[in-house]
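First the structure, in the form of structure tokens, and then the observations on it.
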Amino acid sequence: MNMQEGAERADTILQDTLAAVQPELKWNHGPSSDAGCTKGVAGAATGTGSVKRIITIMTIVSEQRRGALLGVIERDWKSRGYKITSVRNSAEAPAVYAETPEGYVLNVKVGGKGQFFLEAGTPCLTDSSVGQPTGKPNTPDRSGEFPQRPDVQDEFWSATTPAPAGS
């Protein structure tokens, strides 16, 4: 598999994750990156590279609902056979980290001002050029510096009451 094919698989993983969340989250693409994989102390090139994709959640997720959203994503990843590798239990910046059986590394984390990010990174794959994600965001493109702060109110995710049991 080459880096472009791996990037497309990473995009699919992120879209599948978004599809598991109800009510639907509003999102946009974050910056993508790719880098060559190196080997050994000298950092010799290996002819392989990895790609990272980021989804920026534009739905405002209240502090009271952050744990519910993290839980939905963690349960979805487990149901797909992904291994949860770490959980950061932090009041300000919680996160869940996982790995797929194919070696893709995933995380969902809460950044400044409650901003949610979904990330997928590929394992080292055959070097190739990599295009931008082709998935169409469900919010208008936002110009400017990354990250664009969430600005979409949602009756469920933005509510300032705890999520109902079973969410």
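With a cut-off of 16 Å on the backbone N, the residues of the range 107-132 near the modelled label site 7 Å out from Q148 along Cα-Cβ are 115-118.
In this rough spin-label picture, where each label sits 7 Å from Cα along the Cβ direction, the T161-K136 distance is 3.6 nm.
A 26 angstrom limit on the alpha carbon distance is what I want to check against. Which of K39/K109; K26/K52; K39/K78; K83/K113 exceed it?
Check vs 26 Å cut-off fails for K39/K109; K39/K78; K83/K113.
Ignoring any ligand, DNA or RNA, what whole percent of the accessible area of the range 72-167 comes from carbon and sulfur when the probe is 1.4 angstrom?
Details: 2800 of 5580 Å².
Carbon-and-sulfur percentage of accessible area, whole number: 50.
Rounded to the nearest 10 degrees, the inclination of helix 3-19 to the longest alpha-carbon principal axis of the chain is 10 degrees.
Hey, what's the range 1-98 come to in accessible area per residue, 1.4 Å probe, Å²? Spell out each step's value before the answer.
Working: 4730 Å² over 98 residues.
Averaged over the residues of the range 1-98, the accessible area is 48 Å².
Projecting the Cα atoms of A165, C124, S32 onto the charge dipole of the chain (Cβ charges, centred on the Cα centre) puts A165 farthest toward the positive pole.
The values are calculated or read from the model by the stated rules, or taken from the named source; none is laboratory data. Every value quoted in this text rests on a predicted model; they were computed, and no experiment measured them. Don't worry about glycine lacking a Cβ; one is built from the backbone with ideal geometry, like all the others, and counts go over all protein chains shown. Quick note on the areas: whole protein, heavy atoms, side chains included, nothing else; ligands and nucleic acids left out. Shrake-Rupley method; radii C 1.70, N 1.55, O 1.52, S 1.80 Å.
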